[in-house]
Amino acid sequence: MIACLFVPLFPLAARLRSEPELKEEAVAIFEGNGNAARVVAATRKARKAGIEPGMTLPQARARIPKLVARGRDRECERTAHEALLEVAESFSPRVEDAREGVVYVDLEGHPRLVDSRQSTVDRTKALAGEILRAAERASVPARVGVAASKLAARIAAGLPGSPTVVPEGEESRFLAPLPLERLGPHLEIAATLERWGLHSIGEFAKLPEGEVSSRLGEIGRELHAAARGLDPRPLEPYLPPPSFSEGMDLEWPLASLEPFLFVANAALERLVLRLEARALACTRLEVTLKLDPDGHDARAIALPAPTREVKTLLTLVRLELEARPPGSPVAGFTFAAHPDQPRRAQLSLFGPAALSPDRLATTIARLAALLGDDRVGSPRSVDGHRPERYASAGYAPAPPPSMRLAPRGGRGLLAVRVLRPAVALEVITSPAENHSRPHTVRSPPDAAPLIAGQVRVASGPWSLEEGWWSDAPADRDYWDVELSDGGLYRIYRERRDGAWFSDGVYD
């Protein structure tokens, strides 16, 4: 017997698990950005008011102005699904992870099912009820269906009145009155079956198998077998991620860093060898120090990408201990690696060579250790008009093109080297067309770069006004100037106080 644990409206259930105070409110979960976000799930109160999946945010707000809108929270969904897996593993060691709030459990041989004082169906219903109550204690509103096949168990779990038990051998009788949508046919096949006048699974199951195969192909044959209650798919057991750890108790406590790093290097080498044997890499390293005479110091080092470079891991450990030294000598240690699949690159036969993901991850990890996580990434533009505004995101370069492209011809472009912070300037201006046109530019002697000279060519001004309602508004006139020394600079004047600055050099 196979039990299916199914969480309806999983994105919503996962969110309400973290925010239970919203259960009685009109809540909708959206996927997407801005006004293009679409409803993927909504509470009963919101559905009664007309909120349906696929609605945009403005459409939903038009129905319920005070609708509580929440975006999909992948972290909430991950933890809710892990809780569902833990519930399943408490009843059987054979569990299949079907993702998105669906888990299958093999109940064959469960002690509750061998009790002969009750009928098989009653014993199974009692066990399914226990599973349901365990899910409720974990704050996961699951439904449970039990059958001899995964398909029948999944459909039974989707019905109201949980738990639902399908006696062995009666799968086709259970499926017959249900609508065809329960089988999840492809859109083209569903349209064909609708043209044939079929509406229930039983009507479809009565058709000759050979005729269905000749008209609908292999997909239709598999769908027809499912309609007759035949599901040859076995349970695929879920294997929890492996745990890798290395450590040792030291003969005498170490009070300095270098001797500790010597023994830590050997432990990290052993750890990386074990990861390589499983084709895995380390994405998070947990360091637990046993302190003398008593106590522990635990810390975790998150890596920007999975790596198997011992030198990188040792450098991260060094920098972590230098930044936050333990309060006592170290009498022992343990390194625990959270494994993940290393990044791979597809080789191109004709295109340019791709970056090695492993080497790139190692380089990023070293830079993050030396400079800090907040100083490594790729720039992203943000809303606003000020040139100095930017955001940083994780560095993930796009793959190279599959074919080597010929260089495109075009006009030359200038690159601007941004000066942070902007360099204060002393500017002599001459009035021209009611604007203060720069004539001579000079920066302080200790400024870098040193800017000084007569203005040969000046283009501008370009006015910028932003955040006039805030405490720090921007009201500027920008100019591009070429000085007598040949340098090209971007300068601006603050209208509020007339101060001049340079915030860019054209290369």
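Within the accessible surface of the chain, defined with a 1.4 Å probe on protein heavy atoms only, the carbon and sulfur portion equals 52 percent.
Candidate cross-link partners of K66 among the lysines, defined by an alpha-carbon separation under 23 Å and a same-chain spacing of 8 or more, comprise K23, K45, K48. Within the same chain, aspartates and glutamates fewer than 8 places from K311 are excluded, and of the rest, those with a Cα less than 17 Å from its Cα are E246, E258, E269, E276, E286, E320, E322, D358.
About the centre of its Cα atoms, segment 445-507 shows a dipole size close to 180 debye [charges on the beta carbon of Lys, Arg (+1) and Asp, Glu (-1) only; nearest 20 debye].
List the lysines whose Cα sits under 26 Å from the Cα of K150, skipping any in the same chain fewer than 8 residues away. Output for K150: K125, K206.
Report summary: the helix-based calculation at 222 nm, which adds -39500 (n - 2.57) for every DSSP H run with n ≥ 4 and divides by the residues of the chain, gives -9000 deg cm²/dmol.
Rounded to the nearest 20, the size of the Cβ-charge dipole of the chain about its Cα centre is 1220 debye, with Lys and Arg at +1 and Asp and Glu at -1. Rounded to the nearest Hz, the phi-derived 3J(HN,Hα) couplings of segment 6-12 under the Karplus curve 6.51 cos²θ - 1.76 cosθ + 1.60 (θ = phi - 60°) are 10, 9, x, 6, 4, x, 6, where x marks glycine and proline. Annotation for segment 439-507: trypsin sites (Lys or Arg not before Pro) lying in DSSP loop with at most 12 further Cβ atoms inside 10 Å of their Cβ are R496. Any idea of E96's accessible area? Nearest 10 Å², probe 1.4 Å. About 20 Å², ignoring ligands and nucleic acids.
Is segment 1-131 best put as rounded, prolate or oblate by its Cα gyration tensor, with a ≥ b ≥ c the root eigenvalues, rounded for a/c under 1.5, and otherwise prolate when a/b is larger than b/c, oblate when not?
prolate
Whole-Hz Karplus values for segment 105-113 come out as 10, 7, 9, 4, x, 5, x, 5, 8 Hz, taken residue by residue from phi with 6.51 cos²θ - 1.76 cosθ + 1.60 and θ = phi - 60°; glycine and proline positions read x. The peptide list 137-145, 295-303, put in order of mean Cβ contacts within 10 Å with the highest first, becomes 137-145, 295-303.
The candidate values were [x] 39.4; [y] 23.2; [z] 28.3; the one computed from these coordinates for mean projected area of the Cα convex hull in nm² carries the label [x]. Taking the centroid of alpha carbons for each part, segment 276-346 and segment 59-113 are 31 Å apart. The value of relative contact order for the chain, using C-alpha pairs under 8 Å at least six residues apart, is 8 percent.
Surface analysis of segment 155-291 yields an accessible area of 58 Å² per residue, using protein heavy atoms and a 1.4 Å probe. Counting Lys and Arg as +1 and Asp and Glu as -1 over every other residue whose Cβ lies under 10 Å from the Cβ of P242, the net charge comes to +2.
Taking all protein chains as shown and a probe of 1.4 angstrom, D122 keeps an accessible surface of around 80 Å². Derived scalar couplings between HN and Hα for segment 127-138 equal 5, 5, x, 5, 4, 5, 5, 5, 5, 5, 5, 8 Hz in order, rounded to whole Hz, by the Karplus curve 6.51 cos²θ - 1.76 cosθ + 1.60 (θ = phi - 60°), x for Gly and Pro.
The values are calculated or read from the model by the stated rules, or taken from the named source; none is laboratory data. Keep in mind that what you see is a predicted model, and the values were worked out from it rather than measured. Positions of Cβ are backbone-derived with ideal geometry, glycine not excepted, and every protein chain shown enters the neighbour counts. With ligands, DNA and RNA removed, areas are computed over all heavy atoms of the protein, side chains included. Shrake-Rupley method; radii C 1.70, N 1.55, O 1.52, S 1.80 Å.
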